[in-house]
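Engineer: Before anything else, here's the structure in question.
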Amino acid sequence: MTDPNDPNLEEINVDIDVQEILLAASQHDIRKLRELIRSNTTAENPVNVKDPETGYTPLHAAIAACEPDDDDTAGAAPNGVHTDDTDKQSEQEKLIQAGIDTVKFLLQEGAIWNDLDNNNETPGCLARRLGLKELYELMVDAGVRAEMLFSRLQGYERLSDDEGDDEEKEEGGHATENEAQESQPAQTSTEESERGEATPAATETEPDVTSSRYLQSHLSFQNDRLLDNDQNGVMMAWESDIMAKTARKLLPRPGLRVLNIGHGMGIIDGFFQEQSPSAHHIVEAHPEVVAEMKRKGWHEKPGVQIHEGRWQDVLPALVEKGETFDAIYYDTFAESYEDFRGFLSEQVIGLLDPDGLWGFFNGMGADRQISYDVYQKVVEMDLFEAGFDVDWEDIPVPPLEGEWTGVRRRYWVVDNYRLPICSPNQSNPTRAMYEDSPSELRAHRHRSLFQWVLDRSVDNTVPLALARQSSHRRIYLESTLRQRGESEWYGDDTVWAGV
(Lines give C-alpha, C1' and ligand atoms only; values in the text may rest on other atoms or scores of the structure.)
Protein backbone atom coordinates (compact mmCIF):
# COMPACT_ATOMS: atom_id res chain seq x y z
CA MET A 1 0.00 0.00 0.00
CA THR A 2 1.33 3.46 -0.92
CA ASP A 3 2.38 5.62 1.97
CA PRO A 4 0.83 9.08 1.48
CA ASN A 5 3.66 10.54 3.56
CA ASP A 6 6.37 9.17 1.23
CA PRO A 7 8.52 12.24 0.34
CA ASN A 8 9.45 10.65 -3.00
CA LEU A 9 5.90 10.97 -4.29
CA GLU A 10 5.43 13.95 -6.60
CA GLU A 11 2.68 16.32 -5.65
CA ILE A 12 -0.05 16.37 -8.27
CA ASN A 13 -1.96 19.62 -8.37
CA VAL A 14 -5.14 19.17 -10.36
CA ASP A 15 -7.40 22.16 -10.80
CA ILE A 16 -10.84 20.67 -11.16
CA ASP A 17 -12.29 23.84 -12.72
CA VAL A 18 -9.59 23.87 -15.41
CA GLN A 19 -10.08 20.19 -16.21
CA GLU A 20 -13.86 20.63 -16.47
CA ILE A 21 -13.42 23.45 -19.01
CA LEU A 22 -10.92 21.43 -21.05
CA LEU A 23 -13.16 18.34 -20.93
CA ALA A 24 -16.18 20.33 -22.10
CA ALA A 25 -14.10 21.77 -24.94
CA SER A 26 -12.92 18.33 -26.02
CA GLN A 27 -16.52 17.09 -25.94
CA HIS A 28 -17.65 20.13 -27.97
CA ASP A 29 -20.26 20.83 -25.31
CA ILE A 30 -20.87 24.51 -25.95
CA ARG A 31 -23.69 24.80 -23.41
CA LYS A 32 -21.48 23.42 -20.65
CA LEU A 33 -18.53 25.52 -21.81
CA ARG A 34 -20.58 28.71 -21.66
CA GLU A 35 -21.72 27.88 -18.16
CA LEU A 36 -18.23 27.00 -16.89
CA ILE A 37 -16.48 29.97 -18.48
CA ARG A 38 -18.98 32.61 -17.43
CA SER A 39 -19.45 31.30 -13.88
CA ASN A 40 -15.75 30.78 -13.16
CA THR A 41 -14.44 33.15 -10.51
CA THR A 42 -11.07 31.56 -9.78
CA ALA A 43 -9.25 31.73 -13.12
CA GLU A 44 -8.10 35.13 -14.39
CA ASN A 45 -9.07 34.21 -17.94
CA PRO A 46 -11.11 30.97 -17.94
CA VAL A 47 -11.39 30.73 -21.74
CA ASN A 48 -7.58 30.52 -21.91
CA VAL A 49 -6.83 28.12 -19.05
CA LYS A 50 -4.09 25.55 -19.66
CA ASP A 51 -3.58 21.91 -18.83
CA PRO A 52 -0.36 21.73 -16.77
CA GLU A 53 0.76 18.49 -18.44
CA THR A 54 0.14 19.27 -22.13
CA GLY A 55 -0.21 23.03 -22.14
CA TYR A 56 -3.50 22.60 -24.01
CA THR A 57 -5.94 25.50 -23.95
CA PRO A 58 -9.66 24.94 -24.65
CA LEU A 59 -8.91 25.71 -28.32
CA HIS A 60 -6.24 23.01 -28.41
CA ALA A 61 -8.58 20.55 -26.71
CA ALA A 62 -11.48 21.24 -29.08
CA ILE A 63 -9.23 20.76 -32.13
CA ALA A 64 -7.37 17.70 -30.81
CA ALA A 65 -10.71 15.94 -30.28
CA CYS A 66 -11.29 16.08 -34.06
CA GLU A 67 -8.24 13.98 -34.91
CA PRO A 68 -9.21 11.49 -37.65
CA ASP A 69 -9.16 7.80 -36.85
CA ASP A 70 -6.53 6.25 -39.11
CA ASP A 71 -7.13 2.67 -37.93
CA ASP A 72 -7.77 0.64 -41.08
CA THR A 73 -9.72 -1.95 -39.11
CA ALA A 74 -12.11 0.54 -37.58
CA GLY A 75 -14.67 -0.12 -40.27
CA ALA A 76 -14.35 -3.90 -40.22
CA ALA A 77 -17.13 -6.14 -38.93
CA PRO A 78 -16.60 -9.63 -37.42
CA ASN A 79 -15.29 -12.38 -39.75
CA GLY A 80 -13.51 -9.76 -41.87
CA VAL A 81 -16.67 -8.35 -43.46
CA HIS A 82 -16.17 -4.65 -44.19
CA THR A 83 -18.98 -2.19 -43.69
CA ASP A 84 -19.73 0.83 -45.85
CA ASP A 85 -17.38 3.75 -45.05
CA THR A 86 -20.19 6.25 -45.63
CA ASP A 87 -21.33 6.15 -42.02
CA LYS A 88 -17.79 6.59 -40.79
CA GLN A 89 -17.26 9.62 -43.07
CA SER A 90 -20.55 11.11 -41.95
CA GLU A 91 -19.56 10.75 -38.30
CA GLN A 92 -16.23 12.46 -38.96
CA GLU A 93 -17.96 15.33 -40.77
CA LYS A 94 -20.29 15.79 -37.81
CA LEU A 95 -17.32 15.76 -35.46
CA ILE A 96 -15.50 18.40 -37.54
CA GLN A 97 -18.59 20.61 -37.62
CA ALA A 98 -18.97 20.32 -33.85
CA GLY A 99 -15.31 21.28 -33.53
CA ILE A 100 -15.82 24.29 -35.79
CA ASP A 101 -18.80 25.46 -33.77
CA THR A 102 -16.85 25.06 -30.52
CA VAL A 103 -13.80 26.90 -31.83
CA LYS A 104 -15.99 29.77 -33.05
CA PHE A 105 -17.62 29.99 -29.63
CA LEU A 106 -14.26 30.03 -27.85
CA LEU A 107 -12.92 32.75 -30.14
CA GLN A 108 -16.03 34.83 -29.50
CA GLU A 109 -15.38 34.43 -25.78
CA GLY A 110 -11.87 35.82 -26.20
CA ALA A 111 -9.70 32.73 -26.69
CA ILE A 112 -6.16 33.59 -27.82
CA TRP A 113 -5.62 32.33 -31.36
CA ASN A 114 -1.86 31.80 -31.09
CA ASP A 115 -1.31 30.56 -27.53
CA LEU A 116 1.39 27.87 -27.35
CA ASP A 117 1.10 24.42 -25.78
CA ASN A 118 4.00 22.45 -24.30
CA ASN A 119 4.82 21.15 -27.78
CA ASN A 120 5.35 24.75 -29.00
CA GLU A 121 2.21 24.52 -31.16
CA THR A 122 -0.58 27.02 -31.52
CA PRO A 123 -4.12 25.65 -31.98
CA GLY A 124 -3.70 26.30 -35.70
CA CYS A 125 -0.38 24.43 -35.80
CA LEU A 126 -2.13 21.47 -34.16
CA ALA A 127 -4.98 21.57 -36.69
CA ARG A 128 -2.51 21.66 -39.58
CA ARG A 129 -0.49 18.73 -38.22
CA LEU A 130 -3.69 16.67 -37.82
CA GLY A 131 -4.80 17.50 -41.36
CA LEU A 132 -7.89 19.43 -40.21
CA LYS A 133 -8.05 21.97 -43.03
CA GLU A 134 -11.34 23.65 -42.06
CA LEU A 135 -10.19 24.21 -38.48
CA TYR A 136 -6.80 25.43 -39.66
CA GLU A 137 -8.39 28.03 -41.95
CA LEU A 138 -10.64 29.08 -39.09
CA MET A 139 -7.58 29.75 -36.92
CA VAL A 140 -5.84 31.61 -39.77
CA ASP A 141 -8.88 33.90 -40.11
CA ALA A 142 -8.87 34.46 -36.35
CA GLY A 143 -5.22 35.46 -36.58
CA VAL A 144 -5.93 37.91 -39.39
CA ARG A 145 -8.71 39.58 -37.39
CA ALA A 146 -6.53 39.83 -34.31
CA GLU A 147 -3.52 41.24 -36.13
CA MET A 148 -5.57 43.80 -38.06
CA LEU A 149 -7.26 44.94 -34.86
CA PHE A 150 -4.05 45.11 -32.82
CA SER A 151 -2.20 47.08 -35.49
CA ARG A 152 -5.00 49.63 -35.82
CA LEU A 153 -5.53 50.03 -32.10
CA GLN A 154 -1.79 50.32 -31.58
CA GLY A 155 -1.66 53.20 -34.05
CA TYR A 156 -4.63 55.00 -32.51
CA GLU A 157 -3.25 54.59 -29.00
CA ARG A 158 0.15 55.94 -29.99
CA LEU A 159 -1.41 58.97 -31.69
CA SER A 160 -3.52 59.64 -28.62
CA ASP A 161 -0.44 59.44 -26.40
CA ASP A 162 1.40 61.83 -28.70
CA GLU A 163 -1.09 64.65 -28.19
CA GLY A 164 0.66 65.90 -25.09
CA ASP A 165 4.24 65.58 -26.32
CA ASP A 166 4.22 66.86 -29.90
CA GLU A 167 7.28 69.00 -29.24
CA GLU A 168 9.26 66.03 -27.98
CA LYS A 169 8.37 64.02 -31.08
CA GLU A 170 9.41 66.86 -33.37
CA GLU A 171 12.83 66.84 -31.68
CA GLY A 172 13.30 63.23 -32.77
CA GLY A 173 11.85 61.29 -29.83
CA HIS A 174 10.26 58.02 -30.95
CA ALA A 175 8.65 55.20 -29.05
CA THR A 176 10.71 52.04 -29.19
CA GLU A 177 9.32 48.92 -30.81
CA ASN A 178 8.95 47.28 -27.39
CA GLU A 179 7.03 50.23 -26.00
CA ALA A 180 4.72 50.18 -29.00
CA GLN A 181 3.92 46.52 -28.36
CA GLU A 182 3.21 46.77 -24.63
CA SER A 183 -0.52 46.99 -25.26
CA GLN A 184 -0.56 43.69 -27.12
CA PRO A 185 -1.02 40.30 -25.46
CA ALA A 186 2.20 38.53 -24.57
CA GLN A 187 1.60 35.78 -27.11
CA THR A 188 3.17 34.80 -30.40
CA SER A 189 1.90 37.91 -32.15
CA THR A 190 3.04 38.17 -35.75
CA GLU A 191 3.39 41.95 -35.55
CA GLU A 192 7.05 41.50 -36.43
CA SER A 193 9.70 42.57 -38.87
CA GLU A 194 10.27 40.82 -42.18
CA ARG A 195 13.76 39.79 -41.09
CA GLY A 196 15.21 39.44 -37.63
CA GLU A 197 11.89 39.06 -35.85
CA ALA A 198 11.70 37.69 -32.33
CA THR A 199 10.38 34.16 -32.31
CA PRO A 200 8.40 32.54 -29.49
CA ALA A 201 11.42 30.41 -28.64
CA ALA A 202 13.59 33.45 -27.94
CA THR A 203 14.52 33.82 -24.30
CA GLU A 204 13.95 36.95 -22.30
CA THR A 205 17.72 37.39 -21.87
CA GLU A 206 18.35 37.70 -25.60
CA PRO A 207 18.70 41.26 -26.94
CA ASP A 208 15.76 42.69 -28.86
CA VAL A 209 16.09 42.94 -32.63
CA THR A 210 15.21 46.55 -33.37
CA SER A 211 16.06 48.89 -36.21
CA SER A 212 18.00 51.29 -33.99
CA ARG A 213 20.05 48.48 -32.44
CA TYR A 214 20.81 47.04 -35.87
CA LEU A 215 21.90 50.37 -37.36
CA GLN A 216 24.35 50.85 -34.48
CA SER A 217 25.78 47.32 -34.63
CA HIS A 218 28.94 46.09 -36.31
CA LEU A 219 28.34 43.71 -39.20
CA SER A 220 30.07 40.54 -40.27
CA PHE A 221 30.35 40.17 -44.06
CA GLN A 222 30.87 36.51 -45.00
CA ASN A 223 30.66 34.68 -48.31
CA ASP A 224 27.24 33.18 -47.68
CA ARG A 225 25.74 35.48 -45.06
CA LEU A 226 25.58 38.91 -43.48
CA LEU A 227 25.28 38.90 -39.67
CA ASP A 228 24.81 41.68 -37.16
CA ASN A 229 26.51 42.04 -33.77
CA ASP A 230 24.11 39.55 -32.17
CA GLN A 231 24.59 36.92 -34.90
CA ASN A 232 21.19 37.60 -36.45
CA GLY A 233 20.98 36.70 -40.13
CA VAL A 234 20.53 40.02 -41.96
CA MET A 235 20.71 38.30 -45.35
CA MET A 236 21.88 34.86 -46.50
CA ALA A 237 23.00 33.36 -49.79
CA TRP A 238 20.24 30.73 -49.84
CA GLU A 239 17.88 33.55 -50.84
CA SER A 240 19.64 33.98 -54.21
CA ASP A 241 17.17 31.94 -56.31
CA ILE A 242 14.28 33.90 -54.82
CA MET A 243 16.02 37.20 -55.58
CA ALA A 244 16.83 36.15 -59.15
CA LYS A 245 13.20 35.27 -59.92
CA THR A 246 12.01 38.50 -58.30
CA ALA A 247 14.44 40.66 -60.29
CA ARG A 248 13.39 39.11 -63.61
CA LYS A 249 9.71 39.63 -62.83
CA LEU A 250 10.16 43.25 -61.78
CA LEU A 251 12.50 44.12 -64.66
CA PRO A 252 11.35 41.98 -67.60
CA ARG A 253 13.34 43.99 -70.17
CA PRO A 254 16.35 46.34 -70.31
CA GLY A 255 16.11 50.10 -69.97
CA LEU A 256 13.73 50.27 -66.98
CA ARG A 257 14.15 52.34 -63.83
CA VAL A 258 14.41 50.49 -60.51
CA LEU A 259 14.51 51.52 -56.84
CA ASN A 260 15.74 49.07 -54.20
CA ILE A 261 15.33 49.73 -50.48
CA GLY A 262 17.86 47.69 -48.51
CA HIS A 263 21.09 46.53 -50.19
CA GLY A 264 22.38 44.05 -47.59
CA MET A 265 24.65 41.58 -49.40
CA GLY A 266 23.70 43.11 -52.75
CA ILE A 267 22.09 39.91 -54.03
CA ILE A 268 19.05 41.40 -55.73
CA ASP A 269 20.92 44.51 -56.84
CA GLY A 270 23.32 42.21 -58.68
CA PHE A 271 20.40 40.58 -60.48
CA PHE A 272 18.90 44.00 -61.22
CA GLN A 273 22.18 44.99 -62.88
CA GLU A 274 21.96 41.91 -65.11
CA GLN A 275 18.67 43.32 -66.46
CA SER A 276 20.47 46.49 -67.66
CA PRO A 277 18.28 49.17 -66.03
CA SER A 278 18.51 52.74 -67.25
CA ALA A 279 18.44 53.99 -63.63
CA HIS A 280 19.23 51.98 -60.51
CA HIS A 281 18.65 53.74 -57.18
CA ILE A 282 19.64 52.00 -53.93
CA VAL A 283 18.61 53.17 -50.46
CA GLU A 284 20.79 51.78 -47.65
CA ALA A 285 20.64 52.80 -44.00
CA HIS A 286 23.56 50.94 -42.40
CA PRO A 287 26.84 52.85 -42.71
CA GLU A 288 28.94 49.67 -42.83
CA VAL A 289 26.89 48.31 -45.73
CA VAL A 290 27.33 51.63 -47.55
CA ALA A 291 31.09 51.45 -46.96
CA GLU A 292 31.15 47.88 -48.31
CA MET A 293 29.15 48.99 -51.37
CA LYS A 294 31.70 51.68 -52.13
CA ARG A 295 34.58 49.27 -51.55
CA LYS A 296 33.05 46.95 -54.17
CA GLY A 297 32.52 49.84 -56.59
CA TRP A 298 28.73 49.89 -56.60
CA HIS A 299 28.75 53.69 -56.98
CA GLU A 300 30.55 53.24 -60.33
CA LYS A 301 28.15 50.67 -61.82
CA PRO A 302 25.92 51.77 -64.73
CA GLY A 303 22.97 53.91 -63.65
CA VAL A 304 23.54 53.35 -59.92
CA GLN A 305 22.79 56.09 -57.40
CA ILE A 306 23.33 55.27 -53.73
CA HIS A 307 21.15 57.07 -51.18
CA GLU A 308 22.61 56.83 -47.69
CA GLY A 309 20.05 56.86 -44.89
CA ARG A 310 16.73 55.42 -43.76
CA TRP A 311 14.07 55.17 -46.43
CA GLN A 312 11.75 57.19 -44.21
CA ASP A 313 14.11 60.14 -44.71
CA VAL A 314 15.25 59.48 -48.29
CA LEU A 315 12.02 58.71 -50.15
CA PRO A 316 10.16 61.99 -49.47
CA ALA A 317 13.06 63.83 -51.09
CA LEU A 318 12.83 61.60 -54.17
CA VAL A 319 9.11 62.31 -54.40
CA GLU A 320 9.74 66.03 -54.19
CA LYS A 321 12.21 65.74 -57.07
CA GLY A 322 9.56 63.99 -59.15
CA GLU A 323 11.50 60.72 -59.44
CA THR A 324 9.40 57.75 -60.58
CA PHE A 325 10.33 54.12 -61.19
CA ASP A 326 9.16 51.17 -63.25
CA ALA A 327 10.03 48.79 -60.41
CA ILE A 328 10.47 49.08 -56.64
CA TYR A 329 11.75 46.46 -54.22
CA TYR A 330 11.60 46.58 -50.40
CA ASP A 331 13.83 44.43 -48.20
CA THR A 332 14.76 45.96 -44.87
CA PHE A 333 16.00 44.42 -41.63
CA ALA A 334 14.51 44.68 -38.12
CA GLU A 335 11.63 46.96 -39.07
CA SER A 336 8.07 46.29 -37.97
CA TYR A 337 5.07 45.48 -40.13
CA GLU A 338 3.77 48.93 -39.24
CA ASP A 339 6.79 50.41 -41.04
CA PHE A 340 6.09 48.24 -44.07
CA ARG A 341 2.43 49.25 -44.11
CA GLY A 342 3.45 52.89 -44.01
CA PHE A 343 5.75 52.29 -46.96
CA LEU A 344 3.13 50.61 -49.14
CA SER A 345 0.32 53.00 -48.28
CA GLU A 346 2.18 56.32 -48.31
CA GLN A 347 5.41 56.01 -50.31
CA VAL A 348 4.86 53.67 -53.25
CA ILE A 349 2.06 55.76 -54.73
CA GLY A 350 4.37 58.76 -55.17
CA LEU A 351 7.27 56.81 -56.67
CA LEU A 352 5.84 54.01 -58.84
CA ASP A 353 4.97 54.55 -62.47
CA PRO A 354 1.25 53.84 -63.14
CA ASP A 355 2.27 50.79 -65.18
CA GLY A 356 5.04 49.79 -62.79
CA LEU A 357 5.51 46.77 -60.54
CA TRP A 358 6.83 46.45 -57.04
CA GLY A 359 7.68 43.70 -54.62
CA PHE A 360 9.15 42.91 -51.23
CA PHE A 361 10.96 40.14 -49.42
CA ASN A 362 8.06 38.13 -48.08
CA GLY A 363 9.50 36.85 -44.82
CA MET A 364 6.85 38.05 -42.38
CA GLY A 365 5.95 35.28 -39.94
CA ALA A 366 8.15 32.76 -41.79
CA ASP A 367 9.24 31.12 -38.53
CA ARG A 368 5.81 29.42 -38.28
CA GLN A 369 3.46 28.30 -41.09
CA ILE A 370 0.28 29.73 -39.56
CA SER A 371 1.96 33.09 -39.00
CA TYR A 372 3.10 33.11 -42.64
CA ASP A 373 -0.45 32.33 -43.80
CA VAL A 374 -1.93 34.98 -41.52
CA TYR A 375 0.38 37.65 -42.84
CA GLN A 376 -0.31 36.78 -46.46
CA LYS A 377 -3.95 37.68 -45.86
CA VAL A 378 -3.09 40.75 -43.78
CA VAL A 379 -0.80 42.02 -46.54
CA GLU A 380 -3.43 41.34 -49.21
CA MET A 381 -5.97 43.44 -47.29
CA ASP A 382 -3.55 46.31 -46.77
CA LEU A 383 -2.47 46.21 -50.41
CA PHE A 384 -6.07 46.28 -51.60
CA GLU A 385 -6.83 49.21 -49.31
CA ALA A 386 -3.83 51.06 -50.76
CA GLY A 387 -5.00 50.39 -54.33
CA PHE A 388 -2.77 47.48 -55.35
CA ASP A 389 -3.30 43.98 -56.68
CA VAL A 390 -0.85 41.21 -55.81
CA ASP A 391 0.08 38.00 -57.60
CA TRP A 392 1.76 35.22 -55.63
CA GLU A 393 4.06 32.49 -56.92
CA ASP A 394 4.99 29.60 -54.64
CA ILE A 395 8.70 28.76 -54.79
CA PRO A 396 9.90 25.63 -52.96
CA VAL A 397 12.63 26.38 -50.44
CA PRO A 398 15.35 23.72 -50.32
CA PRO A 399 16.29 22.12 -46.98
CA LEU A 400 18.13 24.69 -44.89
CA GLU A 401 19.31 22.54 -42.01
CA GLY A 402 22.98 23.30 -42.58
CA GLU A 403 22.44 27.01 -43.17
CA TRP A 404 21.85 28.08 -39.58
CA THR A 405 25.15 27.13 -37.97
CA GLY A 406 26.45 30.23 -36.23
CA VAL A 407 23.17 32.10 -36.74
CA ARG A 408 21.27 33.17 -33.63
CA ARG A 409 17.80 32.13 -34.77
CA ARG A 410 16.17 30.60 -37.82
CA TYR A 411 14.10 33.22 -39.58
CA TRP A 412 12.78 30.71 -42.11
CA VAL A 413 11.09 27.35 -41.45
CA VAL A 414 8.17 27.17 -43.95
CA ASP A 415 8.37 24.96 -47.03
CA ASN A 416 7.46 27.46 -49.76
CA TYR A 417 8.37 31.09 -50.37
CA ARG A 418 5.43 33.10 -51.72
CA LEU A 419 6.88 35.57 -54.15
CA PRO A 420 4.74 38.73 -54.36
CA ILE A 421 4.47 41.00 -57.40
CA CYS A 422 2.28 44.04 -56.78
CA SER A 423 0.72 46.33 -59.36
CA PRO A 424 -1.67 49.28 -59.29
CA ASN A 425 -5.29 48.14 -59.43
CA GLN A 426 -6.15 49.06 -63.03
CA SER A 427 -9.82 48.11 -62.63
CA ASN A 428 -10.29 50.70 -59.93
CA PRO A 429 -12.83 53.24 -61.27
CA THR A 430 -10.89 56.07 -59.67
CA ARG A 431 -7.77 55.01 -61.56
CA ALA A 432 -9.72 55.02 -64.85
CA MET A 433 -10.80 58.63 -64.20
CA TYR A 434 -7.17 59.75 -63.97
CA GLU A 435 -5.64 57.40 -66.52
CA ASP A 436 -4.01 60.26 -68.45
CA SER A 437 -2.71 62.03 -65.36
CA PRO A 438 -0.75 59.87 -62.92
CA SER A 439 0.07 62.87 -60.74
CA GLU A 440 -3.64 63.69 -60.46
CA LEU A 441 -4.31 60.10 -59.47
CA ARG A 442 -1.78 60.39 -56.67
CA ALA A 443 -3.28 63.70 -55.58
CA HIS A 444 -6.79 62.22 -55.64
CA ARG A 445 -5.71 59.32 -53.43
CA HIS A 446 -4.17 61.69 -50.94
CA ARG A 447 -7.31 63.83 -50.93
CA SER A 448 -9.43 60.73 -50.39
CA LEU A 449 -7.24 59.63 -47.50
CA PHE A 450 -7.40 63.00 -45.78
CA GLN A 451 -11.14 63.36 -46.36
CA TRP A 452 -11.68 59.85 -44.99
CA VAL A 453 -9.79 60.82 -41.85
CA LEU A 454 -11.66 64.08 -41.49
CA ASP A 455 -15.10 62.55 -42.04
CA ARG A 456 -14.48 59.98 -39.34
CA SER A 457 -12.97 62.43 -36.90
CA VAL A 458 -16.27 64.33 -37.00
CA ASP A 459 -18.39 61.34 -36.02
CA ASN A 460 -15.70 60.12 -33.58
CA THR A 461 -15.07 56.82 -35.33
CA VAL A 462 -11.46 57.91 -35.71
CA PRO A 463 -9.73 59.69 -32.81
CA LEU A 464 -9.13 63.39 -33.30
CA ALA A 465 -5.40 62.76 -32.86
CA LEU A 466 -5.37 60.83 -36.14
CA ALA A 467 -6.98 63.73 -37.94
CA ARG A 468 -4.53 66.05 -36.26
CA GLN A 469 -1.63 64.03 -37.61
CA SER A 470 -2.88 64.60 -41.15
CA SER A 471 -2.00 68.29 -40.80
CA HIS A 472 1.68 67.28 -41.03
CA ARG A 473 0.91 65.21 -44.12
CA ARG A 474 -0.87 68.22 -45.63
CA ILE A 475 2.30 70.29 -45.40
CA TYR A 476 4.26 67.53 -47.15
CA LEU A 477 1.61 66.96 -49.81
CA GLU A 478 1.11 70.64 -50.59
CA SER A 479 4.86 71.08 -50.98
CA THR A 480 4.95 68.20 -53.46
CA LEU A 481 1.96 69.44 -55.46
CA ARG A 482 3.29 72.99 -55.52
CA GLN A 483 6.57 71.78 -57.03
CA ARG A 484 4.65 69.88 -59.69
CA GLY A 485 2.43 72.85 -60.50
CA GLU A 486 -0.74 71.14 -59.35
CA SER A 487 -2.19 73.96 -57.29
CA GLU A 488 -5.83 73.87 -58.29
CA TRP A 489 -7.02 72.31 -55.06
CA TYR A 490 -4.38 72.22 -52.34
CA GLY A 491 -5.18 75.68 -51.01
CA ASP A 492 -8.85 74.85 -50.51
CA ASP A 493 -9.31 74.99 -46.74
CA THR A 494 -12.70 73.25 -46.96
CA VAL A 495 -10.81 70.04 -47.71
CA TRP A 496 -8.95 70.42 -44.44
CA ALA A 497 -11.77 71.71 -42.25
CA GLY A 498 -11.46 70.37 -38.74
CA VAL A 499 -7.74 69.61 -38.82
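The values are calculated or read from the model by the stated rules, or taken from the named source; none is laboratory data. Keep in mind it's a predicted model, so treat the numbers as computed, not measured. Here the Cβ positions follow ideal geometry from the backbone for every residue, glycine too, while neighbour counts run over all protein chains shown. The protein model used for the area step is the full one, side chains on, heavy atoms only, and it has no ligands, DNA or RNA in it. Shrake-Rupley method; radii C 1.70, N 1.55, O 1.52, S 1.80 Å.
Engineer: Using a probe radius of 1.4 Å on heavy atoms only, what accessible surface per residue do you get for segment 202-272? Whole Å² is fine. Display every interim value, and only then the final one.
Structural biologist: Numbers: 3060 Å² over 71 residues.
Here the per-residue accessible area is 43 Å².
Engineer: Chymotrypsin sites (Phe, Trp or Tyr not before Pro), restricted to segment 320-378: which are DSSP loop and have at most 10 other Cβ atoms within 10 Å? The partial results should precede the final answer.
Structural biologist: Working: sites: F325, Y329, Y330, F333, Y337, F340, F343, W358, F360, F361, Y372, Y375; in loops: F333, F361.
Sparse-neighbourhood loop chymotrypsin sites (Phe, Trp or Tyr not before Pro): none present.
Engineer: Here is a further query. Starting from segment 353-421, pick out the trypsin sites (Lys or Arg not before Pro) whose DSSP state is loop and whose Cβ has at most 16 other Cβ atoms within 10 Å.
Structural biologist: On the way: sites: R368, K377, R408, R409, R410, R418; in loops: R368, R408, R409, R410.
Passing both the DSSP loop test and the Cβ count: R410.
Engineer: If a/c stays under 1.5 just call it rounded; otherwise compare a/b with b/c (prolate if a/b is bigger, oblate if not). Do that for segment 215-374, with a ≥ b ≥ c from the square roots of the Cα gyration tensor eigenvalues. Working shown, then result.
Structural biologist: Details: a/c = 1.35, a/b = 1.16, b/c = 1.16.
Rounded shape, in that the Cα axes give a/c under 1.5.
Engineer: Applying the Karplus parametrisation 6.51 cos²θ - 1.76 cosθ + 1.60 with θ = phi - 60° to the phi angles of segment 220-231, what ³J(HN,Hα) value in whole Hz is obtained for each residue in order, glycine and proline being reported as x?
Structural biologist: 10, 8, 10, 4, 10, 6, 10, 10, 8, 4, 8, 6
Engineer: Which cross-chain or sequence-distant (5 or more) residues have an amide H under 5 Å from the amide H of V397, H modelled 1.01 Å from N in plane?
Structural biologist: Amide H to amide H, under 5 Å and 5 or more residues apart or across chains, V397 pairs with N416, Y417.
Engineer: By how many nm would the segment from N120 to D241 lengthen if fully extended, with 0.36 nm per residue of separation less the alpha-carbon distance? Numbers along the way, then the final one.
Structural biologist: Numbers: separation 121, 0.36 × 121 = 43.56 nm, distance 3.06 nm.
Roughly 40.5 nm would be gained on extension.
Engineer: For V304, tell me the accessible area in Å² from a 1.4 Å probe, rounded to the nearest 10.
Structural biologist: Roll a 1.4 Å probe over it and V304 shows about 20 Å².
Engineer: Same structure, new question: Per 0.36 nm of contour for each residue apart, how much would the distance between F221 and T86 grow if the chain were fully extended, relative to their Cα-Cα spacing? Before the final figure, lay out each step's value.
Structural biologist: On the way: separation 135, 0.36 × 135 = 48.60 nm, distance 6.09 nm.
Between F221 and T86, full extension yields an extra 42.5 nm.
Engineer: Starting from the amide H of I328, placed 1.01 Å from N in the peptide plane, find each other amide H under 5 Å away whose residue is 5 or more places distant or on another chain.
Structural biologist: Under 5 Å from the amide H of I328 lie the amide H atoms of L259, L357, W358, G359, each far enough along the sequence or on another chain.
Engineer: Taking the simple approach of a point 7 Å from Cα along Cα-to-Cβ for both E53 and V413, what is their distance in nm?
Structural biologist: Going by the 7 Å Cα→Cβ label model, 2.5 nm.
Engineer: Distance in nm between label sites at H299 and R253, each 7 Å beyond Cα in the beta-carbon direction?
Structural biologist: Label at H299, label at R253, 3.4 nm between them.
Engineer: Out of the trypsin sites (Lys or Arg not before Pro) in segment 88-145, which ones are loop residues according to DSSP with at most 15 other C-beta atoms within 10 Å? Show your work: numbers first, answer last.
Structural biologist: Details: sites: K88, K94, K104, R128, R129, K133, R145; in loops: none.
Loop-located and lightly packed - none at all.
Engineer: On a full-extension model of 0.36 nm per residue, what is the gain between E393 and K94, subtracting their alpha-carbon distance, rounded to one decimal in nm? Kindly include the intermediate steps, with their values, before the conclusion.
Structural biologist: Numbers: separation 299, 0.36 × 299 = 107.64 nm, distance 3.52 nm.
Here the segment from E393 to K94 would lengthen by 104.1 nm.
Engineer: Mind giving me the FRET efficiency for D208 and K32? R0 is 51 Å, r the Cβ-Cβ distance, nearest 0.05 is fine.
Structural biologist: Working: r = 43 Å, r/R0 = 0.84.
For D208 and K32, the calculated efficiency is 0.75.
Engineer: Residue by residue through segment 307-318, which ³J(HN,Hα) values in whole Hz follow from phi under the Karplus form 6.51 cos²θ - 1.76 cosθ + 1.60 (θ = phi - 60°), with glycine and proline marked x?
Structural biologist: Couplings: 10, 7, x, 6, 4, 4, 9, 7, 5, x, 5, 5 Hz.
Engineer: A further question follows. Please list 3J(HN,Hα) in residue order for segment 256-271, calculated via the Karplus relation 6.51 cos²θ - 1.76 cosθ + 1.60 where θ = phi - 60°; whole Hz, with x for glycine and proline.
Structural biologist: Values per residue, Gly and Pro as x: 8, 9, 10, 10, 10, 10, x, 7, x, 7, x, 5, 6, 5, x, 5 Hz.
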